[in-house]
Amino acid sequence: SQQGEEDPQALSIQEGENATMNCSYKTSINNLQWYRQNSGRGLVHLILIRSNEREKHSGRLRVTLDTSKKSSSLLITASRAADTASYFCATEDQGGKLIFGQGTELSVKP
Amino acid sequence: EAQVTQNPRYLITVTGKKLTVTCSQNMNHEYMSWYRQDPGLGLRQIYYSMNVEVTDKGDVPEGYKVSRKEKRNFPLILESPSPNQTSLYFCASSLSRRLDEAFFGQGTRLTVV
């Protein structure tokens, strides 16, 4: 099965609310990355967190990593309609291979 | 502008007719890879290349070929496409395989009938 499983698969919220997406993985990793994909478009890199980091911020994004639980979360604060997209986590394993999860489809209603 | 360019963006073809999807990057990246994206399966790596003339299989290489004759180009070749290769394909490049952000192309939506 895929490493990097996102939860939930779909999330619908109102503008201004916070959105939280979770990612679980199975094997040891070097880093974990979050990507955004607008419908039918390429992926855009959002943030990378290394295995020795626990939390990272970038603008309205906050990523946490718990290597003991093999899980990560992406929090988008004060969401906007323009945040509507699919969000993927990707783990880089010890061999340097990047493995993507299935994604969370976020819908932010104005 | 740094970018990864894929062509074509959309392609409808028939079973068995050989096709090539081109990918070009202008960032002098050594590492390039191809992914396919299918509903419920996320992105899966098809092939990757760590440098010129160095290519290796990803998770789902069957039915695909690649070549890396120049650093900037990494074409994906389907010698005899089948309907199960209908998918959305992405090319990506990065400075190295480790700890780097990957730049993705805009995608190629392929339909094999």
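Side notes on the structure shown:
- Flag if A:SER24 is closer than 14 Å to A:PHE100 by Cβ, touching a strand residue (DSSP E or B) at 6+ places or on another chain (Cβ under 8 Å) and either modelled with pLDDT under 90 or not β-branched (Val, Ile, Thr) (or both): yes
- Residue, surrounded by the fewest Cβ atoms within 10 Å (Cβ to Cβ), within the stretch B:44-56, restricted to residues that are within 13 Å of chain A (Cβ to nearest Cβ) and within 12 Å of the chain's Cα centre (by Cα): B:ARG44
- Residue check: B:LEU41 meets all listed conditions (1) surrounded by 21 or more Cβ atoms within 10 Å (Cβ to Cβ); (2) facing chain A (nearest Cβ under 8 Å) but one, namely (1).
- Members of the stretch B:78-113 found to be over 13 Å from B:ARG9 (Cβ atoms) and surrounded by fewer than 16 Cβ atoms within 10 Å (Cβ to Cβ), listed by number: B:GLU79, B:SER80, B:SER82, B:PRO83, B:ASN84, B:LEU95, B:SER96, B:ARG98, B:LEU99, B:GLU101, B:VAL113
- From the options B:LEU88, B:LEU78, residue that is more than 13 Å from every other protein chain (Cβ to nearest Cβ) and of a type in the set (A, V, I, L, M): B:LEU78
- Residue in the stretch A:83-101 that is over 21 Å from B:ILE46 (Cβ atoms), away from chain B (no Cβ under 14 Å) and either aromatic (Phe, Trp, Tyr) or in a strand (DSSP E or B) (or both) present: no
- On inspection, B:SER67 does not qualify as over 20 Å from B:SER24 (Cα atoms) and more than 14 Å from chain A (Cβ to nearest Cβ).
The values are calculated or read from the model by the stated rules, or taken from the named source; none is laboratory data. This one's a predicted model, so the numbers in the text were calculated from it and none came from an experiment. Don't worry about glycine lacking a Cβ; one is built from the backbone with ideal geometry, like all the others, and counts go over all protein chains shown.
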